[in-house]
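A quick write-up on the structure given underneath.
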Amino acid sequence: MSKMDDLTRSTCPYCGVGCGVLLRKTDTGGLEVKGDPDHPANFGRLCSKGLALGETVGLSGRLTAPMINGNTKDWDSTLQLVADRFKETIAKHGPESVAFYLSGQMLTEDYYVANKLAKGFMGTANIDTNSRLCMASTVAGHKRAFGTDTVPGTYEDLELADVIVLTGSNLAWCHPVLYQRILAAKAQRPQMKIVVVDPRRTATCDGADLHLAIASGGDVALFNYLLAETHAQGGVNAEYVNANVDGFDAALEAAQACDVSQTGLSDADLQAFTKLWLSSEKVVTVFSQGVNQSVSGSDKVNAILNCHLATGRIGFAGSGPFSVTGQPNAMGGREVGGLANMLACHLDLENADHRHAVRQFWDAPEMPQAAGRKAVDMFRAVGRGDIKALWIIHTNPAVSMPDADAVRKAIAGCDFTVVSDVTGQTDTARLATVVLPAAAWAEKDGTVTNSDRTISRQRSVLKAPGSARADWAIIAEVGRRMGWVKAFDYENPAQIFREHAALSGIAGGFGRDFDISNKADLGTQDYDALQPFRWPDAAKQGGRFFEKGNFFTANGKGKMLPLSARSLAAPVTEAHPFRLNTGRNRDQWHTMTRTAKSARLSAHLAEPFLEIHPDDARDLGIQSADLVGVRNATGSAILRALITDRVGRGQTFAPMHWTGETAPSGRIDALVPDAVDPISGQPESKAAAVAVTRY
Ligand code: SF4
């Protein structure tokens, strides 16, 4: 049921846990929010951000009408301008001169329509998303090892595991309800062991049996060490490898040659880790942005997958590698092909058969044959003037992209920028030619997919203010005005969901993992009442991936890769002697456009701060709560000193959320280098080199 009395079932709009919520509109137009006891992600639990959702739906700062160059306009003339400018730009400069930059905040239906318009009809593959900053390395790693971007595990596997390795993941703050589920399972089974691999002693370490304070970028060396030691101690599952895995010998040889000192860990820590890993078949390795956001991100992912493939710790309950996504619909974006190198339903843009099938299904004109520009490359192209028309939807790249000052300058100089957002007050929206008012969470309908492949409905209970519209409706209207009336003749999100589900059946025919075609005939009322469901469909695909091998590669075998660690992009130097790590706070979300509306969320950590070790603070003459200047060649910030031994000597940490220009000011991504993983295109957001001084 979508409704219980006056309660409406929906899904939290923040992290990739994807908790179910029950919403009730109050008499004064506000919103009461509580956890949905029947949702399989959270069973009623919510974290501080989810519990405060009702405090964030106020209309202050909301955009209620389209704006062109700061002036209020009507929808008709504004959308005609958008359609005309994109059409003219393509006609004059080719499809490579236009681009879309999307967001893991978008609903699947919105994402699907944007991707169809760009790749199928405008003829550009320049459509990428802020998920590039979040999990692109996981996508690349999965595809290299499994043949598809398949997350093999589920949340239940974390509860059933005997050993959980959390690497590059501050789960306690960034995916709190999932962390609560693990702690609850550990309380039931105290023999369960938790290992945290993180340079920083985060809140997640409070529940850990072992914390490996790894050197930045040391993950490939750590998992190479684990593979070599597993082999040395007789822990390889030779029967499984012979039947199901390619590449073992080369991967082992590379692992044995790897320099373990790159981990920065003691022999005792390394041995304790190996002992725990080999103590049970039921091991889940959870990985997140600390792994992905790296110039070696894809290799880090594959180093983890290598260990699971070599030992057969995959494909059964309580075991396997498990990526957790940062955003509520990063997974849905992957499903619809929202990345520059993908097509809908996990089909590959650069595979001619896949491309032909999608083109036929969409009845689309000629489609691009090569991958488009990934996020960092896209904004470089905007800066050079190669991209002349840009549409940014529900994200704030002028703050959140690496080398953010250069990105801000690039957007400011772009010939024609459209921003769709709930507010016109973001740093990015202020730079745009056109700002389109979009419906917000609790005002719009669609689906999202969480980290364990569970698709849930987001539902509207509040009226969008002014003339704000759903994103799918805005994008489809531009498609129609560009001349593709039939292809974008959508009346509601249910129609889009059905089309996507039908296309997934074609993808299934190509041996792809994502197949929800059993939902292709869903009636609009059934869509309205849709209950959370996890793909794959048990009846059609067996319910659990890789139970008997059966990887999505050409020969059905999983692929191990020979890996060696790549150097960090920004070496620490005399001028920039500190390593800067960035990440999330417990109670804020991205650039705070929503969470800053809640006084109690803002009370948790009220200002942007820099964690610095006590010995480093002493050497620099910095006292607790002093303002400190942090700078490097690309940017600077002024932050409040938080002196703590949670970070090691020479290391610092700053949150990613703040954007203001007056001290303390935390445009921290201005200091993050725009170096990327050569395979995934994901930037290295956790290892800048900076100078720190008392301000
Ligand atoms: Fe929302 Fe994530 Fe918190 Fe769940 S854990 S309530 S999805 S922010």
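Throughout, read-outs are computed from the coordinates displayed, never taken from laboratory work. Source: prediction; values computed, not measured. All Cβ positions, even for glycine, are placed from backbone atoms using ideal geometry, and neighbour counts span all protein chains on display.
Descriptive notes on the structure:
- Spin-label pair Leu627/Glu156, simplified geometry with 7 Å Cα→Cβ offset, distance in nm: 5.5
- Inter-label distance for Lys34 and His231, nm, one decimal - labels placed 7 Å from Cα along Cα-to-Cβ: 5.6
- Other-chain or far-sequence residues with amide H under 5 Å of Thr285's (modelled H): Val165, Gly320, Phe322
- Farthest positive-ward along the range 3-56 dipole, Cα basis, beta-carbon charges - from Tyr14, Thr28, Gly44: Tyr14
- Computed FRET value (nearest 0.05) for Ser636 with Asp206, which takes r as the C-beta separation and R₀ as 56 Å: 0.95
- Most positive-pole-ward Cα, Asn69, Leu183, Leu349, against dipole of the chain from beta carbon charges: Asn69
- For the pair the range 319-350 / the range 145-171, the C-alpha centres are spaced 16 Å from each other.
- Peptide ranges 439-449, 507-517 listed from the most packed, as the mean C-beta count within 10 angstrom indicates: 439-449, 507-517
- For the range 503-545 and the range 409-433, distance of Cα centres in Å: 37
- Net length gained if the chain between Val461 and Asp645 were fully extended (0.36 nm per residue, minus Cα distance): 61.7 nm
- Residue by residue, the range 441-450 carries 3J(HN,Hα) couplings of 3, 6, 10, 10, 10, x, 10, 9, 10, 8 Hz when phi is fed to the Karplus relation 6.51 cos²θ - 1.76 cosθ + 1.60 (θ = phi - 60°); x denotes Gly or Pro.
- Two-site label geometry, Gln495 and Thr693: point separation in nm, points 7 Å out along Cα→Cβ: 6.1
- In the range 578-695, Rg over Rh equals 0.97, where Rg is the alpha-carbon radius of gyration and Rh the Kirkwood radius from pairwise Cα distances.
- For the range 35-52, the Karplus equation 6.51 cos²θ - 1.76 cosθ + 1.60, evaluated at θ = phi - 60°, returns couplings of x, 8, x, 9, 7, x, 7, 10, 6, x, 6, 9, 8, 4, 5, x, 5, 8 Hz by residue, with Gly and Pro reported as x.
- Put simply, when 639-650, 298-309 are sorted by average Cβ atoms within 10 angstrom per residue, most first, you get 298-309, 639-650.
- Based on the Stokes-Einstein relation at 25 °C and a viscosity of 0.890 mPa s, and on the Kirkwood radius from alpha carbon pairs, the range 12-65 is assigned a translational diffusion coefficient of 205 µm²/s.
- If the chain linking Asp619 and Thr72 were pulled fully straight, counting 0.36 nm for each residue of separation and taking away their Cα-Cα distance, it would gain 191.5 nm.
- Hz values of 3J(HN,Hα) by residue in the range 587-600 - Karplus curve (6.51, -1.76, 1.60), Gly and Pro given as x: 10, 10, 10, 6, 8, 6, 4, 9, 5, 5, 6, 9, 4, 6
- Per-residue [θ]222 nm for the chain (sum of -39500 (n - 2.57) over DSSP H runs n ≥ 4, rounded to 500): -9000 deg cm²/dmol
- Chain lengthening between Ala185 and Gln425 when straightened (0.36 nm per residue, less Cα-Cα): 82.1 nm
- Ranked by the mean number of other Cβ atoms within 10 Å per residue, highest first, peptides 520-527, 346-353, 191-198, 398-405 order as 398-405, 191-198, 346-353, 520-527.
- Prolate/oblate/rounded label for the chain (Cα gyration tensor, a/c 1.5): rounded
- This model, with +1 at the C-beta of Lys and Arg and -1 at the C-beta of Asp and Glu, gives the chain a dipole about its Cα centre of some 800 debye.
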